[in-house]
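The structure under discussion appears below in the form of structure tokens.
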Amino acid sequence: MISLETCRRVLETAVKTGADYAEIYAENTQNHVITMISGKVDNINDGVTAGAAVRVFKGLRSVMSTTIDTSEKGLLQCAMRAAEALGEGHAEMEIVLHERLYGDVHPVLVAPSSVGNREKIDILRTGCEAAASYGKCIVQTTGRFLDVDHRILIANTDGVYASDRQIRTRLAVTAVADTGKGRQTGSASPGRRMGMEMFDAEADAASAGREAARQASVMADAGYCPGGMMPVAIDNGFGGVIFHEACGHSLEATSVAYGLSQFSGKLGEMIANEKVTAIDDGTLPNNWGSVNFDDEGTPSRRNVLIENGVLKNYMIDKFNGRRMEMPSTGSARRESFMYVPTSRMTNTYIDAGTDSNDDIIASIDYGLYAAQMGGGSVNPVTGEFNFAVNEGYLIRGGKICEPVRGASLVGKGSDVIRNIDMVGRDLRLAQGMCGSSSGSIPTNVGQPMIRVSSITVGGR
């Protein structure tokens, strides 16, 4: 994208007013989206994001400038703007760049950009038709096929010159059911850091459609959930969103570095039940949130955040690491060159434990089984959260009973991880998009089934 020599000259310009660190982040990203409503193609959209950012540090000051002109002249002008904004004066730094070949553990066999719309539409139609034919109560289906080809180049004054190509593919099917008690929605949205081969080995469009319709039809017949304090069993996969939101964001240096996290200054302390081990791992092959290296050029790694209840590490980027006097953990991420990178999650999950699902359910005399979690909100400073339960069931006498709608889980992250007292063995990850100060990025959440001994359940 940009030659090594051009990068060196741009970095030399960026540090001229005294910066002690400079970086270039360049990208060319192609997004392709096809949308289908009730079996008919509604929209086909192609987008390109291309440009570069030059960022400079001087102590605990940081300035970033962006440009869509990635010629050497355009980049030099961008670097000069950043340098002038940082300060006045003159300084020189010897910059020696070496190409870093970090390798790629996320092989892509068939790039989606090489496949025509017809094949992608056929996949969409298979998913939507499977949902529509699930039962008479299904009144609408929506499908979305997404493929992203994200090419980046990073060069910095630490000597890094590295490029990567990140291809991701995702299918989303949504079904709406109506049984006369009000409409309910179900969805399934498998995605991988893979190409079209995802549909041969990792995801099946018809299965996704049936799962979306099953959720919708079950909840369409459900009564309303009663509220109150009770034990809750949260299933695997997207159930991990509760840790991601309620605790994960509070372990990012974005908030920790400024003392604005419920977990600031607690390294080495027991912050969770001893059964809880939580990990952020950007190295998992072909996983939705994986990266070979982060958006500052630091290699991705397996980062144990909590081990047997003890806080072991945070997720740290270069700039916030300066304030914390801790090294980067390869956690810097950004939506595009237009966003300042900061510490973010990749594939974040509660690791498998030793309890069986049957024992977890049997241990609850009266409570809630959250089979599918939905969206929610959290305050990373206090850890207070509120999450919807998309598919829930009452538990009576240790048995899963009738479905209930309208349930939500309300609490505080530091409390909920202490109250996780049973952890199952069936770890599974699920795909999502995470929004924060550096934009929207692909992340995996996950866990096995867990039991929260006591939590507030919102309902009627």
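None of the figures in this text is laboratory data; all of them are computed from the coordinates on show. Predicted model only: the values in this text are computed from it and were never measured. Cβ coordinates were reconstructed from backbone atoms using ideal geometry, including for glycine residues, and neighbour counts include every protein chain displayed.
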Would you compute the Debye intensity of region 336-460 from its alpha-carbon atoms alone, equal scatterers and no solvent, and pass along log10 I(q)/I(0) at q = 0.20 Å⁻¹ to two decimals?
-1.31
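What's the local net charge at Leu305, with K and R +1, D and E -1, over the other residues with C-beta under 11 Å away?
-3
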Exposure proxy order (Cβ contacts within 10 Å, fewest to most) of Ser331, Ser414, Ser438:
Ser414, Ser438, Ser331
Multiply the residue gap between Ser454 and Asp358 by 0.36 nm, knock off their C-alpha separation, and tell me the result in nm, one decimal place.
32.7 nm
Virtual paramagnetic centre 7 Å along Cα→Cβ of Arg9, amide N under 20 Å, in region 72-86:
72-84
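A 28 angstrom limit on the alpha carbon distance is what I want to check against. Which of Lys266/Lys399; Lys16/Lys266; Lys40/Lys136; Lys120/Lys181; Lys275/Lys399 exceed it? Don't jump to the answer; show the numbers that get you there.
Numbers: Lys266/Lys399 39 Å; Lys16/Lys266 39 Å; Lys40/Lys136 19 Å; Lys120/Lys181 35 Å; Lys275/Lys399 23 Å.
Lys266/Lys399; Lys16/Lys266; Lys120/Lys181, as the Cα separations exceed 28 Å there.
Is the C-alpha gyration tensor of region 13-113 telling us rounded, prolate or oblate? Criteria: a/c under 1.5 is rounded; beyond that, a/b larger than b/c is prolate, otherwise oblate. Don't jump to the answer; show the numbers that get you there.
On the way: a/c = 3.30, a/b = 2.11, b/c = 1.57.
Prolate is the answer for region 13-113, as a/c is 1.5 or above and a/b outweighs b/c.
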In region 379-418, which residues have a backbone nitrogen under 13 Å from the label point lying 7 Å from Asp221's Cα in the Cα-to-Cβ direction?
402-404
Are there DSSP H segments in the chain that both extend 20 Å or more along their axis (alpha-carbon positions) and score a mean Kyte-Doolittle hydropathy of at least -1.0? List them, or say none.
72-86, 117-132, 205-220
Compute the Kirkwood hydrodynamic radius of region 228-458, taking the inverse of the mean of 1/r over all pairs of distinct Cα atoms, and give it in Å to one decimal.
17.5 Å
Say each of Arg151 and Val139 gets a label point 7 Å from the Cα, pointing the same way as Cα to Cβ; how far apart are those two points in nm?
4.7 nm
Could you check the simple spin-label distance between Glu197 and Val41, using points 7 Å along Cα→Cβ, in nm with one decimal?
2.7 nm
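At 20 °C and 1.002 mPa s, what whole-number value in µm²/s does Stokes-Einstein give for the translational diffusion of the chain, with Rh from the Kirkwood sum over Cα pairs?
Values: Rh = 23.4 Å.
For the chosen part, D equals 92 µm²/s.
Given R₀ = 35 Å, FRET efficiency for Arg61-Glu274 by Cβ-Cβ distance, to 0.05? Kindly include the intermediate steps, with their values, before the conclusion.
On the way: r = 42 Å, r/R0 = 1.20.
Between Arg61 and Glu274 the formula returns 0.25.
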Projected onto the charge dipole of the chain (+1 at Lys/Arg Cβ, -1 at Asp/Glu Cβ, origin at the Cα centre), which of Asn287, Thr6, Gly209 gives the Cα projection farthest towards the positive end?
Gly209
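Tell me whether region 213-351 comes out rounded, prolate or oblate; compute the Cα gyration tensor, take square roots of the eigenvalues as a ≥ b ≥ c, and use a/c under 1.5 as the rounded threshold. List each step's numbers first, then the result.
On the way: a/c = 2.12, a/b = 1.53, b/c = 1.39.
Cα axes put region 213-351 in the prolate bin.
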Projecting the Cα atoms of Phe337, Ile306, Ala371 onto the charge dipole of region 228-458, where Lys and Arg contribute +1 and Asp and Glu -1 at Cβ, the residue farthest towards the positive end is Phe337
Between Arg183 and Ser113, the FRET efficiency computed from the C-beta separation at R0 = 45 Å comes out, to the nearest 0.05, as 0.75
